[in-house]
């Protein structure tokens with residue numbers, strides 16, 4: 001084996017991500033492996049939790065490799081996987097969790113290098129990579145896992161030579177408990193899985209472990225999400241066949257050659273087995289994680305068309321109907337949606353077909369939205385505690401919200417009297433108006449000599465009829481978007 005002369009020479013920034021370091025090992029016969037070492041920058045995680053994460057990744061990689069998918073084969077030395085490390089700064093022994101894996105040819109795909117318009121206007125190189133990815137996914141679809149459970153692959157009794165089984169769903173983020181057994185599952189249904197994860201997050205918010213800057217809104221958002229999930233009837237159906245879902249599919253998990261062709265897929269940490277519909281919804285590298293839009297991006301449409309061209313219309317269907325699964329990747333996240341005028345409309349649209357009949361919340365996040373949800377979920381055992389943490393006072397907030405209250409109530413009523421298509425049109429108009437306002441604000445900020453102006457809430461209309469925020473009325477001769 002060829003060993004480096006010093007530790008620093010082993011560090012290659014192009015091979016390291018935010019979670020793991022990769023150290024190359026080159027054998028005498030030219031075979032190259034990597035030692036994949038967990039960074040664990042946030043501190044010492046429980047040993048048994050870290051072990052479960054690593055064992056699941058090894059089990060997933062070995063399963064996929066055994067079915068001839070272009071992934072690295074992996075090994076884990078169960079007898080010596082804990083290596084005590086003592087440094088001057090940290091005199092107490094810490095464990096280092098690692099695995100060995102083959103080194104694939106190629107380099108991580110950097111999707112932005114293809115151009116900032118890759119999502120909205122993919123070029124030929126983009127489309128070729130998406131089709132390569134579709135072919136890989138078709139291969140993945142051809143090796144279903146015989147199971148009646150949702151969870152992560154693992155090895156029973158630490159034996160890597162046997163067929164892996166479904167264990168708890170391991171995750172590297174906040175969707176686990178802080179006490180053993182940490183991870184939930186395995187689950188029989190998607191509803192059980194999602195509700196368990198939402199309940200964990202609700203507990204974390206109440207315990208001030210999550211959502212510390214927008215505690216009340218974060219909690220209410222997840223209570224709302226819980227009801228929306230609970231109302232999807234087909235998520236109560238038991239799983240009868242499982243498919244492996246890559247958890248960190250943001251684009252750099254794809255290894256490509258110099259021409260941008262796909263040569264392999266890496267970073268299978270926290271992958272899990274789930275339903276076909278979830279496993280084959282579009283991956284996050286084909287849309288913006290921070291974007292709440294419920295419409296397909298142009299890149300997602302290319303993926304659906306690629307599946308159809310390759311003879312798999314069922315997978316194309318999952319892409320076109322996968323927005324519910326994408327939005328639930330945000331369990332545990334609140335992006336200050338009050339600043340996004342269409343965030344609530346987007347989540348309503350995504351769950352439109354399964355909304356409870358009496359679920360009629362305000363379509364913008366704000367005071368009335370909070371009051372509606374607090375009344376609706378008044379029986380929640382921790383809501384009063386969260387309200388106290390947020391120091392939210394109903395009388396004070398009511399007084400602050402008096403301005404424009406009647407207009408907002410009228411808009412609320414009008415919104416729920418609309419058809420689905422009318423609500424989509426309204427959402428599009430609101431998004432355009434918000435984008436224009438944001439653009440105008442940026443231009444004004446960049447021009448020190450210009451006077452501050454704002455079209456939102458003004459008493460005049462632009463020539464094209466988009467100057468007034470009240471999109472429901474035509475009192476100011478603005479074009480009615482629903483006319």
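The values are calculated or read from the model by the stated rules, or taken from the named source; none is laboratory data. On a predicted model such as this, the values are computed, not experimentally measured, just so you know. Backbone-built Cβ (ideal geometry, glycine too); neighbour counts: all protein chains shown.
Worth a mention:
- Restricting attention to the range 138-181 and to residues that are at pLDDT below 85 and out of contact with any helix residue (DSSP H, G or I) (no Cβ under 8 Å at 6 or more places or on another chain), the residue that is farthest from residue 198 (Cα to Cα) turns out to be 161.
- Across the range 74-94, a minimum of one residue is classified as at pLDDT 95 or above and closer than 21 Å to residue 32 by Cβ.
- Selection status of residue 307, out of contact with any strand residue (DSSP E or B) (no Cβ under 8 Å at 6 or more places or on another chain) and either at pLDDT 95 or above or within 30 Å of residue 35 (Cβ to Cβ) (or both): yes
- The residues of the range 260-272 that are more than 15 Å from residue 20 (Cβ to Cβ) and either in the same structural domain as residue 54 (by TED's automatic domain parsing) or at pLDDT below 95 (or both) amount to a single one, 260.
- Test result for residue 431, under 24 Å from residue 222 (Cα atoms), at pLDDT 95 or above and either outside any helix (DSSP H, G or I) or under 34 Å from the mean Cα position of the chain (by Cα) (or both): no
- All positions within the range 187-208 that are assigned to a loop (DSSP other than H, G, I, E, B) and touching a helix residue (DSSP H, G or I) at 6+ places or on another chain (Cβ under 9 Å): 189, 208
- Residue check, residue 148 crowded, with 18+ Cβ neighbours inside 10 Å and outside any helix (DSSP H, G or I): no
- Candidates 267, 258, filtered to the one that is assigned to a loop (DSSP other than H, G, I, E, B), within 20 Å of residue 131 (Cβ to Cβ) and either without any contact (Cβ under 8 Å) to a residue 12 or more places away in the chain or touching a strand residue (DSSP E or B) at 6+ places or on another chain (Cβ under 9 Å) (or both): 258
- Every condition in (1) buried (at least 22 other Cβ atoms within 10 Å of the Cβ); (2) in a loop (DSSP other than H, G, I, E, B) holds for residue 218 except the one numbered (2).
- All positions within the range 21-72 that are farther than 27 Å from residue 137 by Cβ, in contact (Cβ under 8 Å) with a residue 40 or more places away in the chain, within 26 Å of the chain's Cα centre (by Cα) and surrounded by 15 or more Cβ atoms within 10 Å (Cβ to Cβ): 37, 38, 40, 49, 50, 51
- Residue match in the range 108-118 (condition: at pLDDT 95 or above and either surrounded by fewer than 16 Cβ atoms within 10 Å (Cβ to Cβ) or out of contact with any strand residue (DSSP E or B) (no Cβ under 9 Å at 6 or more places or on another chain) (or both)): no
- Cross-chain or 6+ apart pairs with Cβ under 8 Å, the range 409-429 first and closer than 14 Å to residue 372 by Cβ, then part of a helix (DSSP H, G or I): 409/368; 412/368; 415/423; 415/426
- Set 246, 253: member being under 17 Å from residue 166 (Cβ atoms) and in the same structural domain as residue 191 (by TED's automatic domain parsing): 246
- Test: residue in the range 276-285 that is farther than 30 Å from residue 364 by Cβ, under 14 Å from the mean Cα position of the chain (by Cα) and at pLDDT below 95: yes
- Residues in the range 209-256 that are under 30 Å from residue 397 (Cβ atoms) and at pLDDT below 95: 209, 210, 211, 212, 213, 214.
- Scanning the range 199-214 for residues being touching a residue at least 24 places away in the same chain (Cβ under 8 Å) and within 16 Å of residue 384 (Cβ to Cβ) gives a total of 5.
- Residues located in the range 270-301, provided they are over 24 Å from residue 144 (Cα atoms) and free of Cβ contacts under 8 Å to residues at least 24 places away in the same chain: 291, 295, 301
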